[in-house]
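**Q** Sharing a structure, written as structure tokens. Questions coming.
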Amino acid sequence: MVMPGSVRSPEERVWDELGGIADPEIPAISLVDLGVIGSVAVHDDAVRVELLPTFVGCPAIAVMQDRIRERVGALNLAERVEVEISFDPPWTSDRISPQGRERLRMSGFAPPQFGPAAVGSDLAELTVLSIAECPYCGSRNTTMENAFGPTLCRAIYHCADCRQPFEQFKRV
Amino acid sequence: MTVRFVPQLDLAQREALAELLLSLADDEFVIGFWDSEWTGIAPMLEEDVATSSIAQDEIGHAKALYEMLAELTDDDADRIAYGRAAEDFRHAALLNHARRDWAFSVARRYLYETADAVRLTALAASTYEPLAMLAGKMRREETYHLLHADAWLRRLADGAAEPRERLASALRTLWADAQELFAPLDGEAALVRAGVLREPMHALDTEWQGQVRRRLEPITGELPAAAPTADGRTRRTDEFAWLHGEFTSVASSEEAAIW
């Protein structure tokens with residue numbers, strides 16, 4: 001539904017607005033670049049946004065919902081904004097955009113490697129694939145110090161070359 | 001938006017599904033609170049962070065499951081989590097015990113994570129799609145917990161005599177109660193017929209035992225034959241009653257408190 005004289009559709013305007021909302025825990029990256037926006041639909045009565053949490057227990061979910069309602073509501077496209085939590089499809093770290101990965105790196109976070117965190121379904125063969133590239137010097141000579149960091153989505157590494165500790169956005 | 005397939009369930013199936021969701025949620029909720037008892041006093045700083053993070057994950061999973069249950073039964077997630085008496089909880093007997101020493105907590109974590117992995121894999125194939133989707137998502141996160149538990153099991157088992165013996169003793173103590181993660185649910189047969197549950201719980205228990213005995217018996221010696229029992233999710237202990245008093249203390253002093 002494109003308004004006369006407008007070049008952006010209502011859906012595109014919502015996406016534009018969401019692209020300007022920073023992640024509450026890592027403000028360098030937007031919700032769109034983080035890949036947590038599943039879908040956007042603009043109806044007469046409501047704008048519906050599907051939010052795919054990075055982690056099920058992420059305490060920032062409610063903050064994201066509030067910010068989306070506030071910012072998208074200000075566009076006055078419909079009476080209300082509904083932000084529905086969904087695990088369909090599940091968010092994975094592969095959803096972070098190329099621009100998002102670059103923004104993470106620039107703010108000192110190693111972007112996650114692609115693919116699932118571990119391979120193998122039997123315990124005997126389950127191994128974690130814990131390679132991270134140092135965001136400061138680019139070295140891959142790094143070790144995971146703790147798979148659990150200051151937030152659910154972050155792991156702690158150490159770079160043996162530049163001797164800096166750093167965090168990785170967790171591969172999940 | 002994706003249209004989810006939700007099978008038409010009759011009243012008996014809905015009641016059984018509610019029982020399943022409650023048992024899953026209570027397991028995650030209670031182990032999350034036991035883990036949080038280590039916050040600030042774990043054996044090392046890294047472990048303090050790890051245990052607290054795992055606790056936060058588990059309580060987050062419980063929240064999502066309580067919300068799914070509340071939608072199914074037209075109830076309120078906060079009431080289900082914080083408004084029930086201790087005897088109305090449906091977690092497995094494995095989670096009745098206090099955290100005790102580090103080896104005991106590691107032993108329980110290992111038993112729990114390995115059983116949970118088997119259970120989540122089965123639930124990710126459920127015909128009840130909201131649950132299948134959530135289980136699939138939880139499994140990706142739980143992989144980190146499983147690897148962590150496995151690393152600690154190795155560390156204690158390959159360590160000096162005392163940690164190895166403490167670990168072995170805790171594993172032997174908890175072995176029977178661990179089976180109760182697969183205790184039969186009321187109306188379970190109806191869930192299996194509807195495909196909500198891929199296999200009966202006892203079949204999942206057999207699958208799990210096949211995996212963990214190989215790993216544990218070199219540490220513990222031969223573990224006795226064990227199977228889930230009918231009251232495995234209704235037995236309660238004084239230790240759990242204490243924890244229940246702790247985690248309901250805010251809700252009981254301030255009725256309007258929310259998550």
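The values are calculated or read from the model by the stated rules, or taken from the named source; none is laboratory data. Bear in mind that the values here come from a model prediction, so they are computed numbers and not experimental data. When we count neighbours, we look across all protein chains shown, and the Cβ atoms used for this are built from the backbone with ideal geometry, even at glycine. Side chains are part of the model used for accessible areas, which takes the heavy atoms of the whole protein and leaves out ligands, DNA and RNA. Shrake-Rupley method; radii C 1.70, N 1.55, O 1.52, S 1.80 Å.
**Q** What is the dipole size for the range B:207-259, taken about its Cα centre, with +1 at each Lys and Arg Cβ and -1 at each Asp and Glu Cβ, in debye to the nearest 20?
**A** Dipole of the range B:207-259, to the nearest 20 debye: 360 debye.
**Q** In square angstrom, what is the accessible area per residue of the protein assembly as shown with a 1.4 angstrom probe?
**A** On the way: 18760 Å² over 431 residues.
Value returned for the protein assembly as shown: 44 Å² of accessible area per residue.
**Q** Among residues other than A:Pro150 whose Cβ falls under 13 Å from its Cβ, what is the net charge (Lys/Arg +1, Asp/Glu -1)?
**A** -3
**Q** Which helices, counted as full DSSP H runs in chain B, have an axial Cα extent of no less than 15 Å and a Kyte-Doolittle average of -0.5 or above?
**A** Numbers: long enough: B:11-36 (37 Å, 0.48); B:45-73 (42 Å, -0.02); B:102-123 (30 Å, 0.25); B:129-157 (40 Å, -0.40); B:161-178 (25 Å, -0.42); B:201-220 (26 Å, -0.92).
Span-like helices here: B:11-36, B:45-73, B:102-123, B:129-157, B:161-178.
**Q** Run lengths n ≥ 4 of DSSP H only: what is the helix-derived mean residue ellipticity at 222 nm for chain B, with -39500 (n - 2.57) per run over all residues, to the nearest 500?
**A** -22500 deg cm²/dmol
**Q** Now a separate question. Sort by residue number and name the cysteines in chain A that have no neighbouring cysteine Cβ under 4.7 Å.
**A** Result for chain A is A:Cys58, A:Cys153, no neighbouring Cys Cβ within the cutoff.
**Q** With a cut-off of 8 Å between alpha carbons and a minimum separation of six or more residues, what is the relative contact order of the range A:10-85 in percent?
**A** 32 percent
**Q** Still on this structure, please answer the following. How many nm separate the modelled label positions at B:Glu246 and A:Glu70, each set 7 Å beyond the Cα in the direction of the Cβ?
**A** 3.5 nm
**Q** Which one, B:Leu216, B:Leu11, B:Leu191, has the greatest fluctuation when you compute a Gaussian network model over chain B with C-alpha springs under 10 angstrom?
**A** B:Leu11
**Q** Something else now. Under a 10 Å cutoff between Cα atoms, tell me which one of B:Glu71, B:Glu188, B:Glu46 has the largest fluctuation in the Gaussian network model of chain B.
**A** B:Glu46
**Q** Here's something else I'd like to know. Would you work out which of A:Phe87, A:Leu77, A:Gly38 lies farthest towards the positive end of the dipole of the range A:1-99, given +1 charges on the beta-carbon of Lys and Arg and -1 on that of Asp and Glu, about the Cα centre?
**A** The one lying farthest along the dipole's positive direction is A:Leu77.
**Q** To the nearest 100 Å², how much accessible surface do chains B and A hide from each other in total, with a 1.4 Å probe?
**A** 2900 Å²
**Q** May I ask you to give the percent of accessible area on chain B that is carbon plus sulfur, with a probe radius of 1.4 Å? Mind dumping the intermediate values first?
**A** On the way: 5790 of 10830 Å².
C and S atoms contribute 53 percent here.
**Q** Tell me the accessible surface of A:Phe166 in square angstrom (1.4 angstrom probe, heavy atoms of protein chains only), to the nearest ten.
**A** 10 Å²
**Q** On average, how many beta carbons from a partner chain sit within 10 Å of the beta carbon of a residue in B:134-145? Mind showing how you got there, number by number?
**A** Values: counts 4, 2, 4, 12, 5, 2, 11, 10, 0, 9, 10, 2.
Neighbouring Cβ atoms belonging to other protein chains average 6 per residue here.
**Q** Considering every residue in A:50-60, what mean count of other chain Cβ atoms within 10 Å of its Cβ is obtained?
**A** Going residue by residue through A:50-60 and averaging, the value is 5.
**Q** On to the next question. Calculate the dipole size of the range A:10-85 relative to its Cα centre from +1 charges on Lys and Arg beta carbons and -1 charges on Asp and Glu beta carbons; express the result in debye to the nearest 20. The partial results should precede the final answer.
**A** Working: 6 positive and 15 negative charges, 31 e Å.
My answer is approximately 140 debye.
**Q** Who wins for biggest fluctuation among B:Ser249, B:Ser52, B:Ser23 in a Gaussian network model of chain B, springs between alpha carbons below 10 Å?
**A** For chain B, modelled as a Gaussian network with Cα springs under 10 Å, the answer is B:Ser249.
**Q** Tell me, what is the 1.4 Å probe accessible area of B:Val192, in Å² to the nearest 10?
**A** 50 Å²
**Q** Set Lys and Arg Cβ to +1 and Asp and Glu Cβ to -1, take the dipole of the protein assembly as shown about its Cα centre, and tell me which of A:Cys58, B:Ala183, B:Ala92 lies farthest positive.
**A** Final value for the positive-end residue is A:Cys58.
**Q** Roughly how many Å² of A:Glu84 are accessible to a 1.4 Å probe, to the nearest 10?
**A** 70 Å²
**Q** Where does chain A land at 222 nm, in deg cm²/dmol rounded to the nearest 500, when only DSSP H runs of n ≥ 4 count, each adding -39500 (n - 2.57), divided by all residues?
**A** One gets -5500 deg cm²/dmol as the mean residue ellipticity at 222 nm.
**Q** So how far apart, in nm, are the two label points at B:Ala160 and A:Ser107 if each is 7 Å from Cα heading toward Cβ?
**A** Label at B:Ala160, label at A:Ser107, 4.5 nm between them.
**Q** Calculate what fraction, in whole %, of the accessible area of the range A:13-170 sits on carbon and sulfur atoms when a 1.4 Å probe is rolled over the protein chains.
**A** Numbers: 3390 of 6900 Å².
On the range A:13-170, the fraction of accessible area on carbon and sulfur atoms equals 49 percent.
**Q** Same structure, new question: Towards the positive end of the charge dipole of the protein assembly as shown, with charges on Cβ (+1 Lys, Arg; -1 Asp, Glu), say which of A:Asn146, A:Met106, B:His145 has the farthest Cα.
**A** With unit charges placed on the Cβ atoms, the residue in question is A:Met106.
**Q** Determine one quarter of the surface area of the Cα convex hull of the protein assembly as shown, which equals its mean projected area, and express it in nm² to one decimal.
**A** Directional mean of the projected Cα hull area for the protein assembly as shown stands at 22.7 nm².
**Q** Gap in Å between the Cα centre of the range B:162-178 and the Cα centre of the range B:109-124?
**A** 19 Å
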